[in-house]
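The values are calculated or read from the model by the stated rules, or taken from the named source; none is laboratory data. Small disclaimer: the values here were computed from a predicted structure and weren't measured. Here Cβ is always computed from backbone atoms with ideal geometry, including for glycine, and neighbour counts include all displayed protein chains. Note: accessible area is taken over every heavy atom of the protein model, side chains too, but ligands, DNA and RNA are not part of it. Shrake-Rupley method; radii C 1.70, N 1.55, O 1.52, S 1.80 Å.
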Amino acid sequence: MTALLHTPVFVLFAVLALGLALGRISLKGVSLGSSGVLFVALAAGHFGLSVPNGVTELGTALFVYCVGLGAGNRFFASLRSRGAGLVLLSLVVVGTAWCITYAGCELFGISHAVGAGLFAGACTSTPGLAAATEALQQAGADTAAVNIGYGVVYPFGVVGVVLFVQVLPRLLRCPWESTRRADAAADPQQIITRVVRVSHPNLLGTPIVATVHEGLLQCRVTRILREGRLVPLHAEDCWEEGARVLLVGTREQSERDTLLIGSPDEDTPVGNRFAGESAEVIVLEKSMSNRTLGELDTPAHDGVIVSRITRLGVTFVPSDDTEIIRNDVLRVVGLPQDIAAFKTKCRHRSTAIGTADILSLSVGVALGIALGKLTLGSGEGGGFSLGMAGGPLLVALILGHFGHIGPIAGYMPRNARILLMEFALMLFLAGAGVSGGSALVETLRQQGLTMFFIGVAVTSVPLLIGYLFARRVLHLSMEEALGGICGGMTSTPALGAITAKTDKQTPVIAYATAYPAALILMALLAKALV
């Protein structure tokens, strides 16, 4: 057993296992989650155990890179229109938290290294902790203090925001339950299927596929009713009086096309389909890439209709002008034998759907690390670099925004990205906690209670100021204000508490807009503090 405790790889995975077990313990619906690893790692460091060198840096780079990929496709867009107000809300929340941290350190004589940990922990910002840790390493200083400060206040940082978004609506007598009702107007961009009865005289006798090719319809027509069953559409099928066809498109497109074709048919069950008549096909054949659906003309050449395309994690209804890109996943409708032949033509591999591009991941992280090592400015201590946290984050945001740059993909399947992000986060917490555990007891003995109360102030005051700013200055709704505050505090658990209470998407959109700006600002300010 003693030999195992001196084996860094064993210690690492033992810390991960025990930390995750601790994180699953729930009290009143609140748990530590992955951050339980930090507390076990602090204990392991206190008892002199160690993990492999470089674990902290590896976890930092992978974690922020995955965060950037997830946020990149909405970060730059969030700077337009109403998003600017939510970004400003992030600045108010994070700026207030930083000012309180700085004032507390100066007032009570706490080192700025500990303060950076308090700031990151109270705001539940792991990238902030990573940035502060790296700044100390670059200065040749001990990183134990920042990890301890983070560990002391992080639990309240998690619980405090969750309680705030749950208790405040009750205090204001505006419970979430009052908003939990079906929206009067459904999302116009939601993709739906609808059966329509043909009656428009100008269409009769015209090939259905030709109508789609000419751009008269915005939806895709995928099936037609034959002998009581919706069967795949053929290239030679024409519009006939009283015929019933199946449209695939957004709710807005379906409403428009229904008026052009005839009237909705509520009697035909949409789900009445035979197995094997639709499939997902990934396009790996280079000759099919960068060609439009109109050029490919799959109904005539392949006997299949492309009803949807999933690209970079987003599913949309294409038109004949839509250009196919390699690795697009096509939802096709047709006879089983036609679908099988089309799969062969596309060089389809079922294992390729949802597979992460490891080459793109490796190149992207390497570019991010290289960018992070670039130093701006000159003079001893006068330079500034993005570091292991900022460099990969910026590269990932750019790749996530553009989708790909040359052969480097800026997309990773959601399940793969979340798994890698969680694992990277745990690696970082394990390394950071073990390195800080050696000085844990002494630091807590000297300043533990003071640190905790400063952390409470750093969490609580920005919540109140942020809410008042959002409501009185930005004139946001309660849902949008609380969602933006969750993003400003980078608190995913608090957003989960909101979504459990309301079906509205407003808080989620506000969170997604505010979160990236807060993430970057916390990393920069945590680094500036030390």
Charge tally for neighbours of Leu293 with beta carbon under 11 Å away, counting Lys, Arg as +1 and Asp, Glu as -1, is -4
Just to make sure I understand: if all protein chains stay in place, what is the order of Thr2, Thr250 by accessible area at 1.4 Å, largest first?
Thr2, Thr250
Cα centroid distance between segment 470-489 and segment 410-433, in Å?
28 Å
Can you tell me which of 408-416, 457-465, 392-400 comes out highest on packing, and rank the rest after it, using the mean Cβ neighbours within 10 Å?
392-400, 457-465, 408-416
